[in-house]
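A.B. asks: Dropping the structure in here first, questions after.
The values are calculated or read from the model by the stated rules, or taken from the named source; none is laboratory data. The shown structure was predicted, so the numbers you read here are calculated from the model rather than taken from an experiment. FYI the Cβ positions are ideal-geometry reconstructions off the backbone, even for glycines, and counts take in every protein chain you see. With ligands, DNA and RNA removed, areas are computed over all heavy atoms of the protein, side chains included. Shrake-Rupley method; radii C 1.70, N 1.55, O 1.52, S 1.80 Å.
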Amino acid sequence: ALGYQPATLNVMVGLMQGLYRWANDELELDLGNPWAGRHTTPHNARDRYLSRDEVDRLITAALASPRTAYLADFITLSVHTGMRQGELLALTWDRVDLDGGVIRFAPRDQKNGKSGTIPLNASARVALLSRQAQAHRSGWVFCSPDGARLRTVRQAWSSVTTRAGLADVHLHDLRRTFGSW
C-alpha cells in the first residue's frame, strides 16, 4: 500500500491500535478498536547469516586493499559482538574497556535506549587493539586517516563483498550471523 513494506505498515497499524486502546482506557471512551487484529504478514524479513568461511572471505577481501583494511576489524567486531552498524560507527574509545573486556553503552548510545555492556571475546579484543593502533589520534574507533568519524561503510562494503565473491550480503547480516553463531 502506497509503496510501504509490510513491516512498516504493521508498525503504523500498531500505533493506531495503541492510540485507540489508550483513548478507551485513559479517556474512558467507548470507541471500540477498528484496528484490532489487523496486521499484514511481513514479506521483507531476511534470515540470511554467514558461514565462518564467508566471514573469512570477507575479512581477507577487506585486507586485500589498504583503503578497506579497517573493514576487517568492523566485520570482526560485528560478528563477535552483535553490534549494529550505527553503534560501531559511533563507538568512541571512552566506552571501550579492554582491561575489563567490555564495551559500555549509555541509553543514548543504543537503538533500544537502554544502557548496558557487551562482553569482548578474544577476536573482538584483537580487532579493537588493531583499531587502537591505527586510530590512536582519534576519539572514534572507526575513523578516517585524519581522525574524523566514519559516517558510512557502504561503498567499502560493496567493494569487499564483490571481491569476496558474495552476492546478496547486507551489513545487517553480520549482526544476524552473531546471533546464529
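A.B. asks: State yes or no: is S130 more than 18 Å from the chain's Cα centre (by Cα), open to solvent by 20 Å² or more (accessible area, probe 1.4 Å), among the polar types (S, T, N, Q) and modelled with pLDDT under 95? Can you show your working first?
C.D. replies: Details: more than 18 Å from the chain's Cα centre (by Cα): yes; open to solvent by 20 Å² or more (accessible area, probe 1.4 Å): yes; among the polar types (S, T, N, Q): yes; modelled with pLDDT under 95: yes.
Judged against the criteria, S130 is a match.
A.B. asks: Look through A124, A167 and report the one residue that is open to solvent by less than 70 Å² (accessible area, probe 1.4 Å) and modelled with pLDDT of 90 or more.
C.D. replies: Numbers: A167 fails: open to solvent by less than 70 Å² (accessible area, probe 1.4 Å).
Unique residue meeting the criteria: A124.
A.B. asks: Then there's this: Only one of these is hydrophobic (A, V, I, L, M, F, W, C) and under 20 Å from S138 (Cβ atoms): L19, L89, L31, L15. Name it.
C.D. replies: It is L89.
A.B. asks: Checking N44 against (1) assigned to a loop (DSSP other than H, G, I, E, B); (2) over 23 Å from R175 (Cβ atoms); (3) at pLDDT below 90; (4) open to solvent by less than 80 Å² (accessible area, probe 1.4 Å), which test does it fail?
C.D. replies: Failed condition: (2).
A.B. asks: Turning to a different aspect of this structure: Can you name every residue in region 133-157 that is buried (at least 16 other Cβ atoms within 10 Å of the Cβ) and within 20 Å of the chain's Cα centre (by Cα)?
C.D. replies: W140, V141, F142, C143, L150, V153, A156, W157
A.B. asks: Just a yes or no: is a residue in region 56-74 of a type in the set (D, E, K, R), in a helix (DSSP H, G or I) and open to solvent by less than 80 Å² (accessible area, probe 1.4 Å)?
C.D. replies: Of region 56-74, the ones of a type in the set (D, E, K, R) are 56-57, 67, 73.
Imposing the further condition that a residue be in a helix (DSSP H, G or I) reduces the set to 56-57, 73.
Those still in the list that are open to solvent by less than 80 Å² (accessible area, probe 1.4 Å) too: 73.
Yes, there is a match, as at least one residue in region 56-74 is of a type in the set (D, E, K, R), in a helix (DSSP H, G or I) and open to solvent by less than 80 Å² (accessible area, probe 1.4 Å).
A.B. asks: Before we move on, is R104 farther than 20 Å from R149 by Cβ and more than 14 Å from the chain's Cα centre (by Cα)?
C.D. replies: no
A.B. asks: Within region 2-25, identify whether any single residue is open to solvent by less than 90 Å² (accessible area, probe 1.4 Å), in contact with a helix residue (DSSP H, G or I) (Cβ under 8 Å, 6 or more places away or on another chain) and of a type outside the set (G, A, S), and answer yes or no.
C.D. replies: No - not one qualifying residue is present in region 2-25.
A.B. asks: If you don't mind, another one. Step by step: first the residues of region 85-100, then only those that are buried (at least 17 other Cβ atoms within 10 Å of the Cβ) and out of contact with any strand residue (DSSP E or B) (no Cβ under 8 Å at 6 or more places or on another chain), then the one that is nearest to G147 (Cα to Cα). Which residue is that?
C.D. replies: Filtering first and then ranking leaves L88.
A.B. asks: Check region 101-120 and report whether any residue there is open to solvent by 50 Å² or more (accessible area, probe 1.4 Å) and closer than 19 Å to T177 by Cβ.
C.D. replies: Yes, region 101-120 contains a residue that is open to solvent by 50 Å² or more (accessible area, probe 1.4 Å) and closer than 19 Å to T177 by Cβ.
A.B. asks: Here is a follow-up. Determine whether region 132-154 contains at least one residue that is touching a strand residue (DSSP E or B) at 6+ places or on another chain (Cβ under 9 Å) and in a helix (DSSP H, G or I). Break it down into steps so the answer makes sense when it comes.
C.D. replies: So the first thing to find is which residues in region 132-154 are touching a strand residue (DSSP E or B) at 6+ places or on another chain (Cβ under 9 Å), and the list is 132, 134-135, 137-143, 147-150.
Now restrict to residues that are in a helix (DSSP H, G or I): 132, 134.
Yes, the conditions are met somewhere in region 132-154.
A.B. asks: Any residue that is basic (K, R), modelled with pLDDT under 95 and within 21 Å of S123 (Cα to Cα) - is there at least one of those in region 71-94?
C.D. replies: Yes, because at least one residue in region 71-94 is basic (K, R), modelled with pLDDT under 95 and within 21 Å of S123 (Cα to Cα).
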